[in-house]
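Worksheet: the structure to be examined is printed underneath.
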Amino acid sequence: MVWVIERQWAGRRFGVALDARSEREALAELALWERNPDGYRTRRQAAADDAPVRIDEEVLAGLMAHLTEKGRSRDYRRDVRNYLAAWADALGGRDLRKVQLRELRRHLTEWETARKSRIIALKTLTAWFREEDRLKPAEDPTLELRVPPSVAEKGRRTKGYPMKLVERFYAAIKSQAVRDVLCLRAKTGMHDSEIGRIASGAGELLEVKDPCGVWGTVSFRHKNGRVHVVSLDAQGFAAAQRLQARKSSPRRNTVRESIGYAAARLRKAVQDDEVMPINPGELRHCFATWSAECGQVVKPTSGGVPVEMVAAVMGHLSTRTTKLFYEGVQVPPMIVFPLRLEHPDDPGSVNVESRQVA
(Lines give C-alpha, C1' and ligand atoms only; values in the text may rest on other atoms or scores of the structure.)
Protein backbone atom coordinates (compact mmCIF):
# COMPACT_ATOMS: atom_id res chain seq x y z
CA MET A 1 0.00 0.00 0.00
CA VAL A 2 1.27 3.48 -0.92
CA TRP A 3 0.23 6.49 1.13
CA VAL A 4 -0.11 9.73 -0.82
CA ILE A 5 -0.73 13.32 0.27
CA GLU A 6 -3.06 15.07 -2.17
CA ARG A 7 -3.90 18.60 -1.12
CA GLN A 8 -4.70 22.01 -2.54
CA TRP A 9 -2.57 24.59 -0.72
CA ALA A 10 -2.24 28.31 -1.43
CA GLY A 11 -3.62 27.86 -4.92
CA ARG A 12 -1.27 24.96 -5.74
CA ARG A 13 -1.97 21.26 -5.98
CA PHE A 14 0.38 18.88 -4.17
CA GLY A 15 0.75 15.14 -4.72
CA VAL A 16 3.44 13.50 -2.57
CA ALA A 17 4.05 9.73 -2.37
CA LEU A 18 5.14 8.90 1.20
CA ASP A 19 7.59 6.32 2.50
CA ALA A 20 5.19 5.46 5.36
CA ARG A 21 4.54 1.83 6.24
CA SER A 22 1.35 2.39 8.24
CA GLU A 23 -1.52 4.83 8.61
CA ARG A 24 0.02 6.15 11.79
CA GLU A 25 3.32 6.96 10.05
CA ALA A 26 1.41 8.52 7.16
CA LEU A 27 -0.50 10.83 9.52
CA ALA A 28 2.77 11.84 11.18
CA GLU A 29 4.23 12.70 7.76
CA LEU A 30 1.08 14.65 6.92
CA ALA A 31 1.59 16.75 10.03
CA LEU A 32 5.17 17.48 8.97
CA TRP A 33 4.01 18.39 5.47
CA GLU A 34 1.39 20.81 6.78
CA ARG A 35 4.03 22.70 8.76
CA ASN A 36 6.04 23.50 5.59
CA PRO A 37 4.60 22.17 2.29
CA ASP A 38 7.39 23.70 0.16
CA GLY A 39 10.20 22.45 2.37
CA TYR A 40 8.82 18.97 3.07
CA ARG A 41 11.05 16.03 2.15
CA THR A 42 10.13 12.36 2.31
CA ARG A 43 12.32 10.02 4.34
CA ARG A 44 14.02 8.76 1.20
CA GLN A 45 14.64 12.32 -0.01
CA ALA A 46 15.99 13.35 3.40
CA ALA A 47 18.35 10.36 3.38
CA ALA A 48 19.58 11.34 -0.07
CA ASP A 49 20.15 14.91 1.15
CA ASP A 50 22.28 13.59 3.99
CA ALA A 51 24.40 11.40 1.70
CA PRO A 52 27.88 12.89 1.12
CA VAL A 53 28.63 14.52 -2.22
CA ARG A 54 32.09 13.28 -3.07
CA ILE A 55 34.22 12.38 -6.07
CA ASP A 56 34.34 8.61 -6.49
CA GLU A 57 34.26 6.05 -9.31
CA GLU A 58 30.47 5.95 -9.42
CA VAL A 59 30.28 9.73 -9.74
CA LEU A 60 32.98 9.81 -12.44
CA ALA A 61 31.16 7.13 -14.44
CA GLY A 62 27.93 9.12 -14.22
CA LEU A 63 29.64 12.34 -15.28
CA MET A 64 31.34 10.63 -18.23
CA ALA A 65 27.95 9.35 -19.42
CA HIS A 66 26.55 12.87 -19.07
CA LEU A 67 29.42 14.40 -21.07
CA THR A 68 29.05 11.73 -23.74
CA GLU A 69 25.36 12.59 -24.07
CA LYS A 70 26.35 16.26 -24.39
CA GLY A 71 28.61 15.39 -27.33
CA ARG A 72 31.94 16.09 -25.61
CA SER A 73 34.91 14.40 -27.27
CA ARG A 74 36.66 11.32 -25.97
CA ASP A 75 39.84 13.28 -25.27
CA TYR A 76 37.92 15.97 -23.38
CA ARG A 77 36.22 13.32 -21.21
CA ARG A 78 39.55 11.63 -20.52
CA ASP A 79 41.17 14.89 -19.44
CA VAL A 80 38.24 15.80 -17.17
CA ARG A 81 38.35 12.36 -15.57
CA ASN A 82 42.10 12.58 -14.95
CA TYR A 83 41.87 16.04 -13.36
CA LEU A 84 38.93 14.99 -11.18
CA ALA A 85 40.84 11.90 -10.04
CA ALA A 86 43.60 14.26 -8.88
CA TRP A 87 41.00 16.38 -7.05
CA ALA A 88 39.61 13.23 -5.39
CA ASP A 89 43.08 12.37 -4.08
CA ALA A 90 43.68 15.93 -2.89
CA LEU A 91 40.34 16.15 -1.06
CA GLY A 92 40.64 12.68 0.42
CA GLY A 93 37.06 11.66 -0.35
CA ARG A 94 35.56 14.53 1.64
CA ASP A 95 32.00 15.76 1.16
CA LEU A 96 32.19 18.69 -1.29
CA ARG A 97 29.55 20.52 0.75
CA LYS A 98 32.05 20.76 3.59
CA VAL A 99 34.98 21.91 1.47
CA GLN A 100 35.79 25.61 1.61
CA LEU A 101 36.96 27.84 -1.21
CA ARG A 102 40.30 28.58 0.45
CA GLU A 103 41.06 24.84 0.53
CA LEU A 104 40.50 24.56 -3.22
CA ARG A 105 42.79 27.52 -3.81
CA ARG A 106 45.45 26.01 -1.57
CA HIS A 107 45.40 22.75 -3.54
CA LEU A 108 45.69 24.67 -6.80
CA THR A 109 48.89 26.34 -5.59
CA GLU A 110 50.34 22.88 -4.94
CA TRP A 111 49.96 21.88 -8.59
CA GLU A 112 52.56 23.31 -10.95
CA THR A 113 50.65 22.76 -14.18
CA ALA A 114 47.17 22.95 -15.76
CA ARG A 115 45.62 25.19 -13.13
CA LYS A 116 42.96 26.46 -15.52
CA SER A 117 42.04 22.97 -16.74
CA ARG A 118 41.78 21.66 -13.16
CA ILE A 119 39.36 24.43 -12.25
CA ILE A 120 37.24 23.84 -15.35
CA ALA A 121 37.07 20.09 -14.62
CA LEU A 122 35.93 20.65 -11.03
CA LYS A 123 33.36 23.27 -12.03
CA THR A 124 32.07 20.89 -14.73
CA LEU A 125 31.43 18.30 -12.03
CA THR A 126 29.72 20.66 -9.59
CA ALA A 127 27.56 22.14 -12.36
CA TRP A 128 26.34 18.61 -13.11
CA PHE A 129 25.71 18.03 -9.40
CA ARG A 130 23.57 21.19 -9.28
CA GLU A 131 21.71 20.14 -12.42
CA GLU A 132 20.95 16.78 -10.77
CA ASP A 133 19.84 18.59 -7.57
CA ARG A 134 22.58 16.84 -5.61
CA LEU A 135 24.29 20.08 -4.66
CA LYS A 136 22.61 23.34 -3.72
CA PRO A 137 24.20 26.59 -4.96
CA ALA A 138 24.76 27.68 -1.37
CA GLU A 139 26.70 24.44 -0.75
CA ASP A 140 28.90 24.66 -3.86
CA PRO A 141 32.43 25.84 -2.99
CA THR A 142 33.36 26.27 -6.67
CA LEU A 143 30.88 29.03 -7.55
CA GLU A 144 33.36 31.72 -6.50
CA LEU A 145 36.31 29.83 -7.97
CA ARG A 146 37.22 31.88 -11.03
CA VAL A 147 38.67 30.42 -14.21
CA PRO A 148 41.88 32.38 -14.90
CA PRO A 149 42.02 34.27 -18.21
CA SER A 150 44.33 33.18 -21.00
CA VAL A 151 47.98 34.05 -20.44
CA ALA A 152 48.78 37.43 -21.96
CA GLU A 153 51.91 36.06 -23.65
CA LYS A 154 49.70 33.95 -25.87
CA GLY A 155 48.42 37.08 -27.56
CA ARG A 156 51.90 38.51 -28.17
CA ARG A 157 53.81 35.55 -29.57
CA THR A 158 54.05 34.69 -33.25
CA LYS A 159 51.28 32.27 -34.13
CA GLY A 160 51.20 29.56 -36.73
CA TYR A 161 53.73 28.30 -39.26
CA PRO A 162 54.76 29.08 -42.85
CA MET A 163 52.66 27.27 -45.47
CA LYS A 164 55.68 25.47 -46.87
CA LEU A 165 56.48 23.92 -43.49
CA VAL A 166 52.93 22.59 -43.07
CA GLU A 167 53.03 21.24 -46.63
CA ARG A 168 56.30 19.42 -45.88
CA PHE A 169 54.90 17.84 -42.74
CA TYR A 170 51.72 16.76 -44.53
CA ALA A 171 53.80 15.06 -47.23
CA ALA A 172 55.92 13.28 -44.58
CA ILE A 173 53.05 11.86 -42.45
CA LYS A 174 52.20 8.24 -43.20
CA SER A 175 48.79 7.97 -41.49
CA GLN A 176 45.88 8.93 -43.74
CA ALA A 177 43.63 9.68 -40.75
CA VAL A 178 46.22 12.04 -39.28
CA ARG A 179 46.63 13.76 -42.65
CA ASP A 180 42.84 14.18 -42.83
CA VAL A 181 42.80 15.83 -39.41
CA LEU A 182 45.62 18.21 -40.38
CA CYS A 183 43.86 19.02 -43.65
CA LEU A 184 40.63 20.05 -41.91
CA ARG A 185 42.44 21.98 -39.21
CA ALA A 186 44.63 23.88 -41.67
CA LYS A 187 41.93 24.60 -44.26
CA THR A 188 39.06 25.49 -41.89
CA GLY A 189 40.60 26.40 -38.52
CA MET A 190 38.43 23.79 -36.76
CA HIS A 191 39.09 22.74 -33.19
CA ASP A 192 40.09 19.14 -32.54
CA SER A 193 36.83 18.57 -30.63
CA GLU A 194 34.81 19.76 -33.64
CA ILE A 195 36.56 17.31 -35.94
CA GLY A 196 35.92 14.61 -33.37
CA ARG A 197 32.19 15.34 -33.43
CA ILE A 198 32.15 15.21 -37.22
CA ALA A 199 33.98 11.87 -37.26
CA SER A 200 31.65 10.37 -34.66
CA GLY A 201 28.67 11.02 -36.91
CA ALA A 202 27.40 14.08 -35.07
CA GLY A 203 28.20 16.21 -38.12
CA GLU A 204 26.09 16.13 -41.29
CA LEU A 205 27.86 16.09 -44.66
CA LEU A 206 26.11 17.82 -47.54
CA GLU A 207 27.45 17.49 -51.10
CA VAL A 208 27.28 20.77 -53.04
CA LYS A 209 29.79 20.65 -55.96
CA ASP A 210 29.40 24.35 -56.68
CA PRO A 211 31.50 25.80 -59.54
CA CYS A 212 33.01 28.31 -57.09
CA GLY A 213 34.98 25.49 -55.45
CA VAL A 214 32.71 24.64 -52.52
CA TRP A 215 32.51 20.88 -52.84
CA GLY A 216 30.33 20.36 -49.79
CA THR A 217 29.47 21.49 -46.30
CA VAL A 218 29.61 19.96 -42.86
CA SER A 219 27.25 21.09 -40.11
CA PHE A 220 27.52 20.25 -36.45
CA ARG A 221 26.13 21.56 -33.21
CA HIS A 222 28.35 23.52 -30.84
CA LYS A 223 28.23 22.78 -27.13
CA ASN A 224 26.19 25.99 -26.73
CA GLY A 225 23.50 24.47 -28.96
CA ARG A 226 24.16 26.62 -32.04
CA VAL A 227 24.47 24.87 -35.41
CA HIS A 228 27.70 25.72 -37.23
CA VAL A 229 28.06 25.17 -40.98
CA VAL A 230 31.48 25.07 -42.69
CA SER A 231 32.05 25.00 -46.45
CA LEU A 232 34.78 22.63 -47.69
CA ASP A 233 36.75 22.22 -50.88
CA ALA A 234 37.05 18.81 -52.54
CA GLN A 235 40.06 17.74 -50.45
CA GLY A 236 38.53 18.86 -47.18
CA PHE A 237 35.18 17.22 -47.96
CA ALA A 238 36.92 13.94 -48.84
CA ALA A 239 38.86 14.12 -45.55
CA ALA A 240 35.60 14.63 -43.60
CA GLN A 241 34.04 11.68 -45.48
CA ARG A 242 36.93 9.37 -44.62
CA LEU A 243 36.93 10.33 -40.94
CA GLN A 244 33.17 9.84 -40.73
CA ALA A 245 33.47 6.44 -42.44
CA ARG A 246 36.18 5.62 -39.87
CA LYS A 247 33.66 6.63 -37.13
CA SER A 248 36.32 8.35 -35.02
CA SER A 249 39.21 10.74 -35.36
CA PRO A 250 42.69 9.64 -34.21
CA ARG A 251 43.59 10.39 -30.61
CA ARG A 252 45.62 13.51 -29.91
CA ASN A 253 48.57 11.38 -28.77
CA THR A 254 48.41 9.44 -32.05
CA VAL A 255 48.47 12.69 -34.02
CA ARG A 256 51.43 13.99 -32.03
CA GLU A 257 53.34 10.73 -32.47
CA SER A 258 52.76 10.74 -36.24
CA ILE A 259 53.98 14.33 -36.45
CA GLY A 260 56.99 13.43 -34.31
CA TYR A 261 57.94 10.58 -36.65
CA ALA A 262 57.47 12.92 -39.63
CA ALA A 263 59.79 15.46 -38.00
CA ALA A 264 62.45 12.76 -37.60
CA ARG A 265 62.15 11.82 -41.27
CA LEU A 266 62.37 15.46 -42.33
CA ARG A 267 65.46 16.04 -40.16
CA LYS A 268 67.14 13.08 -41.82
CA ALA A 269 66.07 14.13 -45.33
CA VAL A 270 67.28 17.73 -45.10
CA GLN A 271 70.14 17.11 -42.68
CA ASP A 272 68.76 19.72 -40.28
CA ASP A 273 68.55 18.88 -36.58
CA GLU A 274 66.49 22.00 -35.90
CA VAL A 275 63.34 20.67 -37.62
CA MET A 276 60.89 20.34 -34.73
CA PRO A 277 57.39 18.81 -34.72
CA ILE A 278 54.55 21.21 -35.42
CA ASN A 279 51.74 21.63 -32.90
CA PRO A 280 48.33 20.67 -34.41
CA GLY A 281 46.63 23.30 -32.27
CA GLU A 282 48.64 26.01 -34.04
CA LEU A 283 46.92 25.19 -37.34
CA ARG A 284 43.90 27.21 -36.21
CA HIS A 285 46.24 30.20 -35.89
CA CYS A 286 47.72 29.32 -39.29
CA PHE A 287 44.27 29.48 -40.85
CA ALA A 288 43.62 32.92 -39.36
CA THR A 289 47.05 34.25 -40.38
CA TRP A 290 46.98 32.85 -43.91
CA SER A 291 43.42 34.10 -44.41
CA ALA A 292 44.43 37.62 -43.42
CA GLU A 293 47.64 37.58 -45.48
CA CYS A 294 46.60 35.95 -48.74
CA GLY A 295 43.12 34.48 -48.39
CA GLN A 296 40.31 34.94 -50.86
CA VAL A 297 36.59 34.56 -50.21
CA VAL A 298 34.59 32.39 -52.61
CA LYS A 299 30.79 32.33 -52.53
CA PRO A 300 28.32 29.86 -54.00
CA THR A 301 27.27 30.91 -57.51
CA SER A 302 23.63 30.79 -56.39
CA GLY A 303 24.34 34.12 -54.69
CA GLY A 304 22.38 35.14 -51.62
CA VAL A 305 21.74 38.34 -49.71
CA PRO A 306 23.31 39.59 -46.47
CA VAL A 307 21.71 38.44 -43.23
CA GLU A 308 20.93 42.09 -42.40
CA MET A 309 18.64 42.24 -45.46
CA VAL A 310 16.95 38.97 -44.50
CA ALA A 311 16.33 40.35 -41.01
CA ALA A 312 14.83 43.55 -42.41
CA VAL A 313 12.45 41.67 -44.74
CA MET A 314 11.34 39.31 -41.97
CA GLY A 315 10.77 42.16 -39.55
CA HIS A 316 13.42 41.09 -37.05
CA LEU A 317 14.64 43.98 -34.91
CA SER A 318 18.04 42.32 -34.58
CA THR A 319 20.05 40.04 -36.87
CA ARG A 320 20.68 37.90 -33.80
CA THR A 321 17.22 36.37 -34.14
CA THR A 322 17.73 35.73 -37.86
CA LYS A 323 21.10 34.08 -37.27
CA LEU A 324 19.78 31.95 -34.42
CA PHE A 325 17.04 30.33 -36.49
CA TYR A 326 18.11 30.57 -40.13
CA GLU A 327 21.85 31.10 -40.61
CA GLY A 328 22.67 27.38 -40.27
CA VAL A 329 20.63 26.34 -43.33
CA GLN A 330 22.72 28.06 -46.03
CA VAL A 331 26.01 27.29 -47.76
CA PRO A 332 28.41 29.81 -46.25
CA PRO A 333 31.34 31.43 -48.07
CA MET A 334 34.71 29.68 -47.99
CA ILE A 335 38.18 31.16 -47.54
CA VAL A 336 40.90 29.74 -49.78
CA PHE A 337 44.65 30.35 -49.90
CA PRO A 338 47.53 28.77 -51.86
CA LEU A 339 48.10 25.83 -49.51
CA ARG A 340 48.97 22.60 -51.37
CA LEU A 341 48.61 19.52 -49.16
CA GLU A 342 49.84 16.62 -51.27
CA HIS A 343 50.72 13.03 -50.47
CA PRO A 344 51.06 10.19 -52.99
CA ASP A 345 48.85 7.89 -50.90
CA ASP A 346 45.89 10.28 -50.62
CA PRO A 347 42.84 8.45 -52.04
CA GLY A 348 39.75 10.02 -53.55
CA SER A 349 36.52 10.51 -51.63
CA VAL A 350 34.76 7.47 -50.18
CA ASN A 351 31.09 6.65 -50.64
CA VAL A 352 29.14 7.65 -47.58
CA GLU A 353 25.53 8.74 -47.36
CA SER A 354 25.17 12.41 -48.27
CA ARG A 355 22.54 14.73 -49.74
CA GLN A 356 23.15 16.70 -52.91
CA VAL A 357 21.79 20.21 -53.39
CA ALA A 358 19.71 20.56 -56.55
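The values are calculated or read from the model by the stated rules, or taken from the named source; none is laboratory data. The model shown is predicted, which means the values in this text are computed figures rather than measured ones. All Cβ positions, even for glycine, are placed from backbone atoms using ideal geometry, and neighbour counts span all protein chains on display. Surface accessibility is based on the protein's heavy atoms, side chains included, excluding ligands, DNA and RNA. Shrake-Rupley method; radii C 1.70, N 1.55, O 1.52, S 1.80 Å.
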Restricting to region 175-199, what's the tally of residues that are open to solvent by 10 Å² or more (accessible area, probe 1.4 Å) and closer than 14 Å to GLN241 by Cβ? 2
Exactly one condition in (1) loosely packed, with under 13 Cβ neighbours inside 10 Å; (2) among the charged types (D, E, K, R); (3) closer than 30 Å to ALA199 by Cα is not met by ASP75; state its number. (1)
Please name all residue pairs, on different chains or six or more residues apart, with Cβ atoms under 7 Å, provided the first residue is in region 110-125 and is among the β-branched types (Val, Ile, Thr) and the second residue is open to solvent by 50 Å² or more (accessible area, probe 1.4 Å) and modelled with pLDDT under 95. ILE119/VAL147; ILE120/VAL147
Does region 248-270 contain at least one residue that is open to solvent by less than 80 Å² (accessible area, probe 1.4 Å), modelled with pLDDT under 70 and part of a helix (DSSP H, G or I)? no
Do we find that SER231 is surrounded by 15 or more Cβ atoms within 10 Å (Cβ to Cβ), under 13 Å from LEU184 (Cβ atoms) and not aromatic (Phe, Trp, Tyr) in this structure? yes
Residue, most open to solvent (accessible area, probe 1.4 Å), within region 272-286, restricted to residues that are part of a loop (DSSP other than H, G, I, E, B) and of a type outside the set (Val, Ile, Thr): GLU274
Answer yes if at least one residue in region 324-335 is in contact with an Asp or Glu (Cβ under 6 Å, 6 or more places away or on another chain) and either at pLDDT 70 or above or not in a loop (DSSP other than H, G, I, E, B) (or both), and no otherwise. no
So, of the residues in region 7-17 that are more than 15 Å from ALA28 (Cα to Cα) and touching a strand residue (DSSP E or B) at 6+ places or on another chain (Cβ under 9 Å), which turns out to be most open to solvent (accessible area, probe 1.4 Å)? ARG13
Can you tell which of ASP95, ASP89 is under 24 Å from GLU144 (Cβ atoms) and either touching a strand residue (DSSP E or B) at 6+ places or on another chain (Cβ under 7 Å) or open to solvent by less than 30 Å² (accessible area, probe 1.4 Å) (or both)? ASP95
On the given criteria, is SER193 in contact with a Ser or Thr (Cβ under 9 Å, 6 or more places away or on another chain), hydroxyl-bearing (Ser, Thr, Tyr) and not in a loop (DSSP other than H, G, I, E, B)? yes
Any idea how many residues of region 289-300 are closer than 16 Å to LEU232 by Cα and assigned to a helix (DSSP H, G or I)? 1
Can LYS164 be described as touching a strand residue (DSSP E or B) at 6+ places or on another chain (Cβ under 9 Å), open to solvent by 80 Å² or more (accessible area, probe 1.4 Å) and either farther than 20 Å from ILE335 by Cβ or not acidic (Asp, Glu) (or both)? no
